[in-house]
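The structure under discussion appears below in the form of structure tokens.
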Amino acid sequence: MSNRPPILTWVGLLLIAAWGLWTSAATAQQKASYPIGPRDKVEIRVLELPELDREFQVAGDGTLELPNVGKVDVAGLTESELAVELRRRLEEVGMRRATVSVRITEFSRPVAVLGAVVNPGNHPVEGRAMLLDVLLMAGGLSNDRGRFIQVRRRAANGLSDQVEIGIDELFESGDPAVNIPIFAGDVVHVLPAEAVRVSFLGEVNQTGNVTFRGTDRVTLLVAIAQAGGLTERASSKIRILRRQGAGRVEIIANYRRILNGKDPDPELEDGDIVIVKEAFF
């Protein structure tokens, strides 16, 4: 477990706002370069042929049956490529000039849902869905879920971006800002819980390792209570040794100040070593 700031701090809100702006731009690019597939819906407009002006659904074999044109294999074509192909077909059958536009109105390409869900795998999404909708399609969260969900999205230019959503904010707080829209081709990864192991040395009633579930927020006071509390000889000054790169860093905490609400209760990470020395009177 890491000491991450709460998702909905001002930094988190800025990140989510930036994600929203990126989503709008990426969605436009995604649609422009999205290869049409079976079950997708497309809206076709032909200025010179109003009877073609409507929405069509691509058949399971990737074709469209169009008036005055016949069957067209559209699988793999983008909006602009299909418009060019339809213009060519219409001009071949005698239309002097065809002004064609194509717009994808619903995607059917699946969203990949990975990790700690009941039914992981690809799930078809027609049009736009929200994050909660996609999680429900996957049967909901499994018992081994962690605290965060990662959503990865690839833009038309090949670049990808990722946003991390706190599960508590999504399900318990009900904040609509974190129930973000999910589009075709997105990857939703529900991170599994990871055990947090804390080692105690010195003046605690139960020295050794204490293990917590990764869904729990493990603070120093919680961990000390799990270790049976401090002995009567314990110093208020507590050292926390934490892995950082190839070495360790030391964090000093004052037990009495934390207990009295004067200092924040530090969150512990997997692998932390808590050392409580004997007090000198």
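The values are calculated or read from the model by the stated rules, or taken from the named source; none is laboratory data. In this text the structure is predicted, and so the values were computed from the model without any measurement. Here the Cβ is made from the backbone with ideal geometry for all residues, glycine too, and neighbour counts use every protein chain on show.
Brief remarks on what is shown
- Here Glu267 does not fit the description of being exposed (fewer than 13 other Cβ atoms within 10 Å of the Cβ) and either of a type in the set (D, E, K, R) or at pLDDT 90 or above (or both).
- The number of residues in region 61-86 being in a strand (DSSP E or B) and surrounded by 14 or more Cβ atoms within 10 Å (Cβ to Cβ) comes to 4.
- Test: residue in region 96-109 that is over 34 Å from the mean Cα position of the chain (by Cα) and either crowded, with 17+ Cβ neighbours inside 10 Å or over 30 Å from Leu49 (Cβ atoms) (or both): yes
- Whichever residue in region 87-119 is free of Cβ contacts under 8 Å to residues at least 40 places away in the same chain and part of a helix (DSSP H, G or I) and, among such residues, is nearest to Arg45 (Cα to Cα): Arg87
Rundown of residues vs (1) at pLDDT below 85; (2) within 25 Å of the chain's Cα centre (by Cα); (3) closer than 30 Å to Val198 by Cβ, yes/no style:
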| residue | (1), (2), (3) |
| --- | --- |
| Ser2 | yes, yes, yes |
| Ile7 | yes, yes, yes |
| Gly12 | yes, yes, yes |
| Ala18 | yes, yes, no |
| Asp53 | no, no, no |
| Leu86 | no, no, no |
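- The requirement of being at pLDDT 90 or above and either of a type in the set (S, T, N, Q) or in the same structural domain as Asn179 (by TED's automatic domain parsing) (or both) is satisfied by Asn119.
- Looking at region 175-262, the strands (runs of 3 or more DSSP E) lying wholly inside it that each contain 3 or more residues that are touching a residue at least 24 places away in the same chain (Cβ under 8 Å) and surrounded by 14 or more Cβ atoms within 10 Å (Cβ to Cβ) sit at 187-192, 196-202, 234-244.
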